[in-house]
Structures are given as structure tokens and as C-alpha cells.
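Student: Right, I'll just put the structure down here and ask away after.
The values are calculated or read from the model by the stated rules, or taken from the named source; none is laboratory data. Everything numeric in this text was worked out from a predicted model, so none of it was measured. Cβ sites come from the backbone with ideal geometry, for glycine too, and all protein chains shown count toward neighbours. Accessible surface is based on the protein model in full, side chains and every heavy atom, while ligands, DNA and RNA are left aside. Shrake-Rupley method; radii C 1.70, N 1.55, O 1.52, S 1.80 Å.
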Amino acid sequence: MTEKQKKMLARILVTAVCFAGLLIGDKSGAFPWLGHFPAGFIAYLLPYLLIGYDIIWKAARNIRHGQIFDENFLMMIATFGAFGVGEYLEALAVMLFYQVGELFQNYAVSRSRQSIADMMDICPEFANIEQDGQLVQVDPDDVEPGDIIVIRAGERIPLDGVVVEGTSMIDTAALTGESVPRRASAGDEVISGCVNGNGILKVQVTKAFEDSTVAKILELVENAGNRKAKVENFITRFARYYTPVVTVGAVILAVVPPLVIGGGWGEWIRRACIFLVISCPCALVISVPLGFFGGIGAASRIGVLVKGSNFLEAVAEMTTIVFDKTGTLTKGEFKVTQIMAPEGDEELVLRLAAYGESYSDHPIAAPIKAAYGKPVEVGLVEEGEEIPGHGIRAKIEGRTVLVGNRKLMEQMQIPYVECRSMGTVVYVAYDGAFVGAVVISDTIKDGARDAIRDMKQVGVKRCVMLTGDRKEVAQATAGELGLDGVHAELLPADKVSRVEELLRQQPAGERLAFVGDGINDAPVLTRADIGIAMGSMGSDAAIEAADVVLMDDDVRKIASVVRISRKTLMIVKQNIVFALGVKAAVLLLGAFGVANMWEAVFADVGVSVIAILNAMRALKAR
């Protein structure tokens, strides 16, 4: 409990004791002076001011700034009116129970913020730099890429980098929700925000602090509350018109009947005060954002960052999900599994492929060079050109070498023997003649099959895959995963076109999500209704463009977020229906003189507390 909450609790307890004493004295007749002015008025006014001075101050300040119609104004006018008609005890009760509801609300908001606020603790306070044999603590902002930092056991990793010395277990729970530590040793990448376990690590920094994983996460968390769901925007607009309408209604209720039927001013003012207390929109304006915030908090606990409640709402409406293949459904760990050489010289095919790919940073270049196993003599490669979506054209010892897919062979009008092996086929031509092909295979990512199965269980109608791979390879992968559709042999621009085509096929009110991890996926992530990016190994561009970020690249968590979002939306709608229903019923009863001030208090504070309790269930969503 915060210091502010403790002070409020103390005020409530003191006022509650005074209220109990005044109530007993009033009902038992032990204090007959309570019924006389000014003694009785002062006795009730003092605890009223103790518990309600801040509400009166806020209402007066808002009136001065032109923001008249809010719950503070309604509470102030209603209780002032109650004092005006001599209902001192009721006025004190309204303000006391309203503050009880406010305290409960503050506590609930603090609880809902806690899981996300815990992520703010991932921000490192220092980085260790070795100087003259001693470790010196410096600000992470002062460390440059390329510097070596030392991370001792139990310390939080301050910056992204690559381990150059040491072995340790890394606790990633704060970022990914994964409770099992991961081993890190020389050559492994580590990301900021994680906690070093039992060893000392020396890490070469690869990113400045402002570009690090932890900095991006903190930015996402801080901005999450700025993007509101449609339901939240509706409630905001509703409250803007609702409060002035009920205020005018209360004035009409207090003035018109006495003028029409004559007399009874005190009774009608009392009814108007009851009307104002009932009409306070706290249950709606608090419980709806609180529900969405709880849902975002529940997602963050399992290592999924949702950038705003509008995206959480969109996930609940998702019926189609489109996956990029490499790095999303497959590991992206390519290996050479076959060399096809019609002339029998496999060594030549692999050598030309390795030399040609020496100019490329494409994922298939590394396994070809690794399979060749010898250093590439850069001096032999005179020039190189990457042809997007097709392959590489290079000059080796004065002769032209082509390394790429069948589109490259067809574009260059080179007759080739088609390889039908499962995997990515890289064709090689030397001096205008086809010499062979290298087959590279990828493996399906752990949990990918479970992710597709879980997606179907939560009601996602279509699971589709997009890939630049050959049609045969893509169809084999899709069949193994149980996908509903696959589009193969796509260039990066083609993926956007396919997603737009699928969007046009979407029924009204249903959403489409795209899941990817590469820099080429950024345009598609932006175009889809919901962009979901891999946060651990994904590119910065993909994470920036996405609406939802999976911090540990586990696609199985998408189904969990769908469950969380749908439960959150259900809770929000329950609160809206419940709050409006109870208030409408009690408003009518109050207008006809059936409901008294105590029932008005329940319609305001009671409904708010129940709605807040219900909203907190979103935080427990699994």
C-alpha cells in the first residue's frame, strides 16, 4: 500500500468512527442536540470536511478550468444539497462510502499495474567496465557498441551483446515469462534486462542503450496506455454527454415538480440529490480501462507485450492468422542436405555456391559457406550483385557465376535440371552453363504444431503461411503443421499483396493477424490488422512495426493471448451492462421517490466496487 493510500485509509477510519458515533447518537436519542442548528450542523460538517475536502477542492478546481461535469462535481452538489435539506447523516454517508470506493479503486489499479510495473525494474542502473584491472561502474548510456562489459553473478545484464568469455545460466523470466534459465557461453547473444545467474560473463556490446531490448520494452510499456480500445473510446464519449444530461435532469427534477404541483421543495431537492449520487459514472470510467489494463498485465506476465488496449481488443476479434515461415514456424537453422551435380563434380558446385554467396548476408549463405568448410579467397571474387528475390550474380576469376533460385535461371535463360528434393534449392551456373544445385533444409520450430492446434481450439478459423520457398517445400511444411493454406515462392512485396487479398476476404468485424520476425516482414506487420513480432531474435524494424511482441519467440503464446483478450473483453462488457442496468433501475426508483440515499450509495459505490472486483479478474486470466 502506498503512502497516499495509507493516509486515505486513516481518514476513512477516523471518519467511520465519527459516523458510527453520530449514527448511534441520532438513532438512540442520546445526543438530542444533534437535531438542532447549528450544533448538529457543525457536528456533521467536521467529519464531512475531513473525508471530503479533496473532492470539493477537485470539483472547484475543475470548475475554474471549465471542466465542470465530472464525478467530483456530482458528489459535491449531491452532498451540498443533502446538507441544504437537513439530511446531514446521509450527506456524510455518501461522501464516506464514495471515498471507500475510491480507495478500493486505487488499490485495484495498483494491483493491475504491478505485473507491468515489475517490468520497469528490468532497467539496469549500471554497467561494469574493466579499467586498470578494476571494475568500474558506469552509466549504461555511456557504454558504446564494441565495448566489453563484465556481468557478475546476480547482476542484471545492462546492454545487448555477445558473450566473449565465461559461461552462466541466464534468468529471462522478467522478459519472457520463462521460469527455466538459459545457458549462455562464448558466442551466444544475450539481451538486456535478464539476470546473470552463477557465473561471470564478459560481453561485447552490440547496441547502444537507447537501441537495446530493455529500452524498447520500457518505451512499449510506457506508451501502452495511450492506445485505447473502441469500448474505452465509447465510454469516454458516453461520460462526456452522460454527466451533463443527468445534472440537467437533476435540476429539472428539483425545480419543475414543485412549480407544477406546488410546494414540496425539500422532498424534490432530496430526490434530485439521490438522482445525482446514483448517476455518478465511476463504475464505467474506472472498471473499463482497469479491465483492459489487467488484460495487458496478464499478457506481460507470460512474456507477451501488447502495445495498447485497442490491440488487445483486436486480438479478441482475430479469426485469421498468417505466418511467415522462416524463423517463425521453422527454426531458420539451414543446413546443406544434398548436392546435385549432373557432371559429378559436387566439390565444384559447392565451391562456386560458397564463393557466390560470400557477397550475401541472406540466411542461406551461412550454411553453404559452412558446408564448404574452407576460407573463401575474397580476392578471387571480382564483383558481386544481389538480385532481390532471385539470387546472386558474381564474377569469379573473370567468369560469371549465378547462384539462386529457378527464377534466376529462367531470367538469365539458362537451361537447368529441376531438383525436386525437399528443401530450399539453390541452383548454380558457371559461365552461362548450369553445373548443379545445393539443397538446404530447415527444421520446424519446437511447439509450432502445438501452436496451430491451440489456435484452432480458441476459434481461429484460418491459419495461413507465406514463404519465398518453393511450392513443394512450402506444401510439405504446411501439411506437417496442419495449416489451412499456403502461398509459396513470394517476393517480399508479394507478401503484402497476399495479406491485402486475405484482408479483403475477411467478414466484417473479424480481424487478421500476421506473425513475422524479419526486417522484410515490417511492411506486412504494418498492413495487417494485428502485427505480431518475435521479440527475442526478431529485427528491430519488425518489433517497431508490430502491435504485439512475443519476447521469447514462442508462437504457442499467441493462443494464450487470444484467450486473455477474449476474457478481458467479456469482463469489460459485463461491467458495462451491469453498471448501466443497475443505475437505470435505481435512477427511476429515485425519481419516483422509492429509492432513498442509502440505496443511491449502493448504486454508486456498491456497483463500482463490484465492477472493479470483476475487472481485476482480467489480471488473473490464463
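Student: Is it true that Ala522 is assigned to a helix (DSSP H, G or I), out of contact with any helix residue (DSSP H, G or I) (no Cβ under 8 Å at 6 or more places or on another chain) and either of a type in the set (Ser, Thr, Tyr) or without any contact (Cβ under 8 Å) to a residue 24 or more places away in the chain (or both)?
Tutor: No: the conditions fail for Ala522.
Student: So which pairs qualify, if the first residue must be in the range 589-600 and within 15 Å of Ala82 (Cα to Cα), the second must be among the hydroxyl-bearing types (Ser, Thr, Tyr) and modelled with pLDDT of 75 or more, the Cβ gap must be under 9 Å, and the two must be at least 6 apart or on different chains?
Tutor: From residues that are within 15 Å of Ala82 (Cα to Cα), there are no pairs.
Student: Of the conditions (1) under 45 Å from the mean Cα position of the chain (by Cα); (2) over 30 Å from Gly509 (Cα atoms); (3) part of a helix (DSSP H, G or I), Asn310 clears all except one; give me its number.
Tutor: The failed condition is (2).
Student: A further question on this structure: Which condition from (1) open to solvent by less than 20 Å² (accessible area, probe 1.4 Å); (2) closer than 28 Å to Ile286 by Cβ is the one that Val17 breaks?
Tutor: Exception for Val17: condition (1).
Student: What strands (runs of 3 or more DSSP E), lying completely within the range 414-511, carry at least 2 residues that are closer than 30 Å to Lys395 by Cα, of a type outside the set (Val, Ile, Thr) and in contact with a strand residue (DSSP E or B) (Cβ under 6 Å, 6 or more places away or on another chain)?
Tutor: 424-430, 433-441
Student: Consider only pairs whose beta carbons are under 6 Å apart and that are at least six residues apart or on different chains; among these, list those whose first residue lies in the range 447-459 and is within 16 Å of Gly485 (Cα to Cα) and whose second residue is open to solvent by 20 Å² or more (accessible area, probe 1.4 Å).
Tutor: Ala451/Arg556; Ile452/Gly482
Student: Only one residue in Ala437, Ala493, Ala451, Ala429 is open to solvent by 30 Å² or more (accessible area, probe 1.4 Å) and not acidic (Asp, Glu), so which one is that?
Tutor: After applying the criteria, what remains is Ala493.
Student: Sticking with this structure for a sec: Tell me which of these Gly593 doesn't satisfy, since it passes every other one: (1) surrounded by fewer than 24 Cβ atoms within 10 Å (Cβ to Cβ); (2) part of a helix (DSSP H, G or I).
Tutor: (2)
Student: Here are the criteria: (1) farther than 20 Å from Phe104 by Cα; (2) at pLDDT below 80; (3) among the aliphatic types (A, V, I, L, M). Tell me which single one Val304 does not satisfy.
Tutor: Of (1) farther than 20 Å from Phe104 by Cα; (2) at pLDDT below 80; (3) among the aliphatic types (A, V, I, L, M), only one is false for Val304: (2).
Student: Do we have Gly482 as of a type in the set (Gly, Ala, Ser), open to solvent by less than 50 Å² (accessible area, probe 1.4 Å), modelled with pLDDT of 90 or more and farther than 30 Å from Leu408 by Cβ here?
Tutor: It is true that Gly482 is of a type in the set (Gly, Ala, Ser), open to solvent by less than 50 Å² (accessible area, probe 1.4 Å), modelled with pLDDT of 90 or more and farther than 30 Å from Leu408 by Cβ.
Student: Okay, moving on. Of these, Arg527, Arg556, which one is open to solvent by 10 Å² or more (accessible area, probe 1.4 Å), touching an Asp or Glu at 6+ places or on another chain (Cβ under 6 Å) and modelled with pLDDT of 85 or more?
Tutor: Being open to solvent by 10 Å² or more (accessible area, probe 1.4 Å), touching an Asp or Glu at 6+ places or on another chain (Cβ under 6 Å) and modelled with pLDDT of 85 or more holds for just one of Arg527, Arg556, which is Arg556.
Student: Right, another one. Across the range 376-404, what is the total count of residues that are open to solvent by 30 Å² or more (accessible area, probe 1.4 Å) and in contact with a Gly (Cβ under 6 Å, 6 or more places away or on another chain)?
Tutor: 1
Student: Follow-up. Which pairs turn up if I take residues in the range 44-61 that are over 11 Å from Met75 (Cβ atoms) and look for partners that are modelled with pLDDT under 90 and open to solvent by 30 Å² or more (accessible area, probe 1.4 Å) with beta carbon separation below 6 Å, at least 6 apart in sequence or on another chain?
Tutor: Here the result reads Tyr44/Tyr88, each pair linking the range 44-61 to a residue that is modelled with pLDDT under 90 and open to solvent by 30 Å² or more (accessible area, probe 1.4 Å).
Student: So Leu408 fits all but one of (1) part of a helix (DSSP H, G or I); (2) surrounded by fewer than 17 Cβ atoms within 10 Å (Cβ to Cβ); what number is the exception?
Tutor: Of (1) part of a helix (DSSP H, G or I); (2) surrounded by fewer than 17 Cβ atoms within 10 Å (Cβ to Cβ), only one is false for Leu408: (2).
Student: Filter the range 319-375 for residues that are aromatic (Phe, Trp, Tyr) and more than 22 Å from Gly479 (Cα to Cα); which is most open to solvent (accessible area, probe 1.4 Å)?
Tutor: It comes out as Tyr359.
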